[in-house]
Amino acid sequence: MNLDGKVALITGAARGIGAEIAKYLASLGAKIALVDILESEMKAKVAEISASGGTAECFICDVTDWDSVQRTVKDIVEKFGGLDILINNAGITRDNLVLRLTPTDWDIVLSVNLKGAFLLTKAAVRPMMKKKYGKIVNISSVIGLFGNPAQANYASSKAGLIGLTKSVAKEFAAKGIRCNAVAPGYIETEMTTNLPQKAIDQFLLSTPLGYSGKPKDVAAVVAFLCSSESDYITGEVIRVDGGMAM
Ligand code: NAP
């Protein structure tokens with residue numbers, strides 16, 4: 001796979017899966033725009049990528065804020081001369097049973113996980129249409145496929161991302177823009193290490209391969225979906241879950 005000269009915007013890139021995707025795409029030659037609200041963590045990732053010979057810049061942006069998103073995409077296009085790849089990865093959890101889940105915790109999860117992906121897509125398709133080519137990858141979750149107690153907000157946002165993926169794939173196919181989703185299972189990051197041990201054990205029990213995934217397992221599939229090798233794939237959801245949702 002070769003991404004030489006491609007410009008890739010990755011949201012939630014300060015750490016976890018997003019940071020790994022940034023490093024992986026950089027190793028394939030892409031110029032990386034890391035987007036997140038955590039400045040110091042992003043700067044550390046930019047330094048890491050630069051030290052291994054890659055090109056990266058960081059941009060502070062709250063994906064829920066349309067003005068901030070528009071400004072960020074404009075800055076990235078000016079800085080790098082275009083935009084070829086968008087990875088909607090920023091995501092949060094605010095878990096609780098429906099009876100205890102507050103409307104605020106519903107709104108914030110839907111806002112970051114789903115509205116954020118819509119806003120970034122809306123801003124990114126214009127520069128992609130100019131090139132008549134683009135790749136969008138949305139990071140969904142197996143929870144969006146089969147639901148989970150105490151995660152109604154998260155599951156709804158991740159199922160919604162699949163609807164967004166298929167709609168964008170159909171709407172922009174004629175413009176050369178492919179849009180796909182990746183649905184990870186249990187991946188070791190800060191988001192999951194804070195889960196109660198009981199929940200972790202349950203996830204592992206329901207994973208046929210019997211072990212947790214690493215951010216790199218997700219990054220490798222995302223890289224494939226960003227490369228020309230996957231040009232005949234659009235509107236697809238690929239699980240990276242050790243078999244959990246099969
Ligand atoms: P993570 O370590 O918590 O990283 C998520 C990143 O997104 C953080 O840097 C976070 O910053 C950032 N972010 C949050 N709100 C933002 C906003 N409004 N604007 C910009 N950036 C924002 O999570 P992860 O485990 O790497 O997960 C990455 C994606 O994979 C998420 O969409 C998640 O739902 C999905 N996923 C993860 C797993 C898993 O097992 N880890 C499984 C399935 C799907 P803050 O720390 O400040 O919030």
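Exposed loop sites were defined as trypsin sites (Lys or Arg not before Pro) in DSSP loop states (anything but H, G, I, E or B) carrying at most 14 other C-beta atoms within 10 Å; in the chain the longest segment without such a site runs 133-246.
Other residues whose C-beta falls under 12 angstrom from the C-beta of K45 contribute a net charge of -3, scoring Lys and Arg +1 and Asp and Glu -1. Classification of region 46-176 by its C-alpha gyration tensor yields a prolate form. The axis ratio a/c (a ≥ b ≥ c) is 1.5 or more, and a/b outweighs b/c. Considering only alpha-carbon pairs that sit under 8 angstrom and 6 or more positions apart, the relative contact order computed for the chain is 20 percent. Enter the Cα centre distance for the pair region 119-141 and region 216-239, rounded to the nearest angstrom. Comparing the Cα centres of region 119-141 and region 216-239, I get a distance of 14 Å. For region 7-239, a Kirkwood radius taken over Cα pairs fed into Stokes-Einstein (37 °C, viscosity 0.692 mPa s) yields D = 185 µm²/s. The residues neighbouring G176, those whose beta-carbon lies less than 12 Å from its own, together hold a net charge of +4 under the Lys/Arg +1, Asp/Glu -1 convention. Choose one of V77, I87, I60: the residue whose Cα lies farthest towards the positive end of the charge dipole of region 7-239 (beta-carbon charges +1 Lys, Arg; -1 Asp, Glu; about the Cα centre). Sorting the options by dipole projection puts first V77. Between S40 and Y133, the FRET efficiency from the beta-carbon distance, with R0 = 30 Å, is close to 0.30.
What shape does region 2-93 take by its C-alpha gyration tensor, where a ≥ b ≥ c are the square roots of the eigenvalues and a/c under 1.5 counts as rounded, a/b above b/c as prolate, and the rest as oblate?
In terms of gyration-tensor shape, oblate.
Taken together, the values in this text are just the output of simple stated rules run on the coordinates, not laboratory data. Since the structure is predicted, the reported quantities are computational estimates derived from the model, not experimental observations. Here the Cβ is made from the backbone with ideal geometry for all residues, glycine too, and neighbour counts use every protein chain on show.
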